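Beneath this line is the structure, given in structure tokens, with notes to follow.
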Amino acid sequence: MSRLLIVSNRLPITVNKQGKTLSFKPSVGGLATGLSSLSEKEQCQWIGWPGIATDEITQDDKEQITDEIKGHNCRPVFLSSSNISNYYHGFCNKTIWPLFHYFPLYTIYEERHWQAYKQVNESFCEAVMELAQPGDRIWIHDYQLMLLCDMIRRRLYDVQIGFFLHIPFPSYEIFRLLPWRNEILTGLLGADLIGFHTYDYVRHFLSSVGRIAGIEHAMDNLTVHNRIVKVDAFPIGIDYKRYSDSFSRADVKKHVATIRERVGKRKIILSVDRLDYTKGIIQRLEAFDLFLSQNPEYKENVTMIVLAVPSRTGVEDYMDLRKQLEGLVGRINGEHGSIGWMPVWYLYRMVQFERLAALYNIADVALVTPLRDGMNLIAKEYVATKKDGRGSLILSEMAGAASELGEAIIINANDKASIIRAIKEALEMPEPEQIERNRAMQSRISRYTVKRWASDFLECLADVKRAQDELSVQKLTSKNRKHLAEAFKNSTKRLLLLDYDGTLIGFSDRPEKAGPDRKLCQLLSSLTKNSNNEIVIISGRDKDTLERWFSGFDISLIAEHGAWLKPRNSRKWALIEPLRDDWKDNIRPVLELYADRTPRSFVEEKDYCLVWHYRRSDSALANIRSQELRAALMDLTANLNIGVFEGHKILEVKNIGVSKGRAAQIWLQKDKWDFILAAGDDYTDDELFEILPPEAYSIKVGHGISKAKFNVYTVDEFRAILNELTELQDDI
Ligand code: GDG
């Protein structure tokens, strides 16, 4: 099994310095809690920030930290306090965190924060480079490192990269607000597998990728620079046994007894979170306040324990929240409390596991009401701890966990009336019902634990690799490339049949401006200057465009996928056979109607072909319209000798008898070629590949199965091959 490198903002160890002494303790947080059980078992290294700024430590401290944590398979990435302020408190926690949790009004957009985010992602990339070896699996976590996948991919090809986002991925309408949305998507798409907690986040992500990056998905697979990228949902689980076994732990029992003694017979409602505005703590307390006013019989009979774990204490919104929360707790206790009864017990600190487990154990109700939450582990931990099955969970539908914990009392966290009703229902729920609901949830979360989550993710990463490898079977290896070069060198009558768009030149948003660039012109001149070579450009473009771009070269041209031919020594274009174009009058109005109904799409008319282009349109709308149009055209063309073909963001209607293969045949029969090379990138080129003699070389530019013998992945790679050939011919 290859090594696993886990990369996350924080290491599972936090370093502190008091005076001159360094101390090391495990970090709190969903991710650290979740992955710590995995890292003990897997052969892995963890790369991340140890939680202390470089300005606070000496060079000796750095060395000590590096040595100490190495023993725990951790590698530090050191950050300065200015980085922490701009990258972590800034871009991560004032831009991405609020925006992705649907708080656009809390979101700030600062160029210097973005620059720091890029720079810190680069530092993480350097740390990965120092450690990574070919064949490693690299698993990157969360919103702090969204640029890292692409940064690594650019420097290391032979690694598998997985990315998991622990927070929600927002809908396109929110994500598009981000000025750096393109860069973030490019960063993420460097991964081979991108995981989210729920299928909703997957959908949101795919929709943004489609609309912003213009990349469509097929069954949640994206093709990015000809590489498969899989996107899927992996709902994180918990270390179930740790929580369910806590019931019988002596230290937990001791804490339960202490709390029981202090609370007496009162019912306990529990609220546990990092102190964060996304968690809905204020709304929860306001609802509890109203609950007590509306249900005075519960006064003296219920206590709410609020455990707020300090978090991002340097960020103003969090400081304000703390003030607001403490004011509210004071007001509720002042208004409803009595001597001997405090309605809200408020703890602002992190507690040891055994105390937390005791709170879960003793609580009659867990009130988990985030306004948005990627998953929410508290809800799962509470249910897991209820070994005897007693206890009620109230859960916000805005937590990812709600899709797995359907037996909880599900509420809308913005609807106070629904929270108040839920508190009453939870407190009064008959025990058998509590047990039935908890058992159903327990059987689910005990199966899908954090270990299972991690192994599912890693298995899926391996599957993606297998799928990528299958598609690479045809990849032109350096050995094949050598054979090709030798065959070229040893030949004297060479035919090169070359598609244009996607083969000699990359796709552009302005296809009308995609004429040959300077380097391509040089390449074509070199190829044509050798009289042993016959170069044929064989394209779907109209003849006038090809004429304009290539009339200066000694090149044969085939236009409109084989309808028009112009041999290099001829000055005139000729039709391959008499063709009819009267069908265009019937079809044109239909295409024009769809162009009107789909903003930024347009109709291109060639002599024997009509094309509807939609590459600049909103992709979601264009996909629907293209299916409708295809169905309409199928009906209309049923009895005519014309067909409907789908290409790269185009729908094309043309005569069925016309094909690149038929046109190429004319050139194949012209001479006794001793070297034939054909290259193309889409389905129209398959018609060419399939009529070639067995000894010919055929190359598909791009991934995917085709009738070509070999694949190269990019236009640049193909051009490099042609350049190599020109160097060989110069040797002759
Ligand atoms: C992010 C996403 C997603 C809390 N207080 C104490 C304590 N904790 C532990 C809990 C739990 C973890 O912290 C909190 O996890 P959450 O899931 O509730 O929330 P985030 O920290 O915001 O985590 C979240 C998660 O990542 C995982 O993907 O679920 O949506 O926001 O495990 O037990 N642990 C101890 N004392 C405390 O006082 N010992």
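General observations
- Selection status of Ala417, away from the ligand (no atom under 13 Å from the Cβ), on the phi < 0 side of the Ramachandran plot and crowded, with 24+ Cβ neighbours inside 10 Å: no
Residue by residue, here is whether (1) farther than 18 Å from Arg481 by Cα; (2) touching a helix residue (DSSP H, G or I) at 6+ places or on another chain (Cβ under 8 Å); (3) part of a helix (DSSP H, G or I) holds:
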| position | (1), (2), (3) |
| --- | --- |
| Val658 | yes, yes, no |
| Asp671 | yes, no, no |
| Thr684 | yes, yes, yes |
| Pro694 | no, no, no |
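- Whether a residue is touching a helix residue (DSSP H, G or I) at 6+ places or on another chain (Cβ under 7 Å), in a strand (DSSP E or B), assigned by TED's automatic domain parsing to the domain that holds Asn711 and not aromatic (Phe, Trp, Tyr) was assessed, and Ala678 passes this test.
This table checks each residue for (1) within 15 Å of the ligand (Cβ to nearest atom); (2) farther than 16 Å from Gln283 by Cβ; (3) of a type in the set (Val, Ile, Thr).
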residue: Gly327; (1), (2), (3): no, no, no
residue: Glu335; (1), (2), (3): no, yes, no
residue: Val344; (1), (2), (3): no, no, yes
residue: Phe353; (1), (2), (3): yes, yes, no
residue: Leu371; (1), (2), (3): yes, no, no
residue: Met375; (1), (2), (3): yes, yes, no
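- Among the residues of the stretch 355-369, those identified as assigned to a helix (DSSP H, G or I) and either within 10 Å of the ligand (Cβ to nearest atom) or within 25 Å of Phe100 (Cα to Cα) (or both) are Arg355, Leu356, Ala357, Leu359, Tyr360.
- If the condition is being surrounded by 19 or more Cβ atoms within 10 Å (Cβ to Cβ) and not aliphatic (A, V, I, L, M), then the stretch 284-297 contributes Arg284, Phe288, Asp289, Phe291.
- Scan of the stretch 484-513 for residues that are among the β-branched types (Val, Ile, Thr) and more than 25 Å from Glu604 (Cα to Cα), ordered by number: Thr492
Okay, residues lined up against (1) of a type outside the set (A, V, I, L, M); (2) at pLDDT 90 or above; (3) under 20 Å from Cys149 (Cα atoms); (4) away from the ligand (no atom under 15 Å from the Cβ):
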{"position": "Met1", "(1), (2), (3), (4)": "no, no, no, yes"}
{"position": "Phe24", "(1), (2), (3), (4)": "yes, yes, no, yes"}
{"position": "Glu42", "(1), (2), (3), (4)": "yes, no, no, yes"}
{"position": "Asp60", "(1), (2), (3), (4)": "yes, yes, no, yes"}
{"position": "Ile69", "(1), (2), (3), (4)": "no, yes, no, yes"}
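- Scanning the stretch 132-186 for residues that are in contact with a helix residue (DSSP H, G or I) (Cβ under 6 Å, 6 or more places away or on another chain), touching a residue at least 40 places away in the same chain (Cβ under 8 Å) and among the polar types (S, T, N, Q) gives Gln144, Gln160.
- Top-ranked residue of the stretch 232-247 - restricted to ones that are closer than 24 Å to Pro168 by Cβ and charged (D, E, K, R), ranked as surrounded by the most Cβ atoms within 10 Å (Cβ to Cβ): Asp239
- Here the stretch 289-309 is the region considered, the condition is being in a helix (DSSP H, G or I) and of a type in the set (Ser, Thr, Tyr), and the residue that is farthest from the ligand (Cβ to nearest atom) is Ser293.
- Restricting the stretch 239-279 to residues that are farther than 25 Å from Gln442 by Cα and in contact with a Pro (Cβ under 7 Å, 6 or more places away or on another chain), the residue that is nearest to the ligand (Cβ to nearest atom): Thr278
- Subset of the stretch 638-653 [within 19 Å of Ser601 (Cα to Cα) and not aliphatic (A, V, I, L, M)]: Phe645, Glu646, Gly647, His648, Lys649, Glu652
- Remark: pairs (first residue in the stretch 387-413, under 20 Å from Ser244 (Cβ atoms); second residue outside any strand (DSSP E or B) and basic (Lys, Arg); Cβ separation under 7 Å; 6+ apart in sequence or on different chains) = Gly389/Arg439; Ala401/Lys380; Glu404/Arg444; Glu407/Arg437.
- Options Glu717, Glu687: the member that is at pLDDT below 95 and under 26 Å from Gln669 (Cβ atoms): Glu687
- Which numbered condition Lys519 fails, given (1) within 12 Å of Leu722 (Cβ to Cβ); (2) surrounded by 14 or more Cβ atoms within 10 Å (Cβ to Cβ); (3) under 43 Å from the mean Cα position of the chain (by Cα): (2)
- Taking the criterion of being more than 10 Å from the ligand (Cβ to nearest atom) and either surrounded by fewer than 23 Cβ atoms within 10 Å (Cβ to Cβ) or part of a helix (DSSP H, G or I) (or both), the residues of the stretch 377-396 that qualify are Val383, Ala384, Thr385, Lys387, Asp388, Gly389, Arg390.
- Unique residue being in a loop (DSSP other than H, G, I, E, B) and touching a residue at least 12 places away in the same chain (Cβ under 8 Å) when the list is Ile268, Ile228, Ile215, Ile282: Ile215
- Residue list for the stretch 231-265, restricted to those being among the acidic types (Asp, Glu) and not in a strand (DSSP E or B): Asp239, Asp245, Asp251, Glu261
- The criterion of at least 3 residues that are closer than 30 Å to Lys489 by Cβ is met by the following helices (runs of 4 or more DSSP H) wholly inside the stretch 505-608: 518-529, 543-550.
- Conditions (1) touching a Phe, Trp or Tyr at 6+ places or on another chain (Cβ under 6 Å); (2) over 24 Å from Gln665 (Cα atoms): number failed by Phe488: (2)
- Residue that is nearest to Lys707 (Cα to Cα) [pool: residues in the stretch 645-667 that are surrounded by 19 or more Cβ atoms within 10 Å (Cβ to Cβ) and among the aliphatic types (A, V, I, L, M)]: Ala664
- Flag if Asp192 is within 12 Å of the chain's Cα centre (by Cα), away from the ligand (no atom under 16 Å from the Cβ), among the acidic types (Asp, Glu) and at negative phi: yes
- Conditions (1) over 30 Å from Tyr172 (Cβ atoms); (2) of a type outside the set (A, V, I, L, M, F, W, C); (3) free of Cβ contacts under 8 Å to residues at least 60 places away in the same chain; number of the one not met by Asp596: (1)
The values are calculated or read from the model by the stated rules, or taken from the named source; none is laboratory data. Source: prediction; values computed, not measured. No Cβ is skipped: glycine too gets one built from the backbone with ideal geometry, and neighbour counts run over all protein chains shown.
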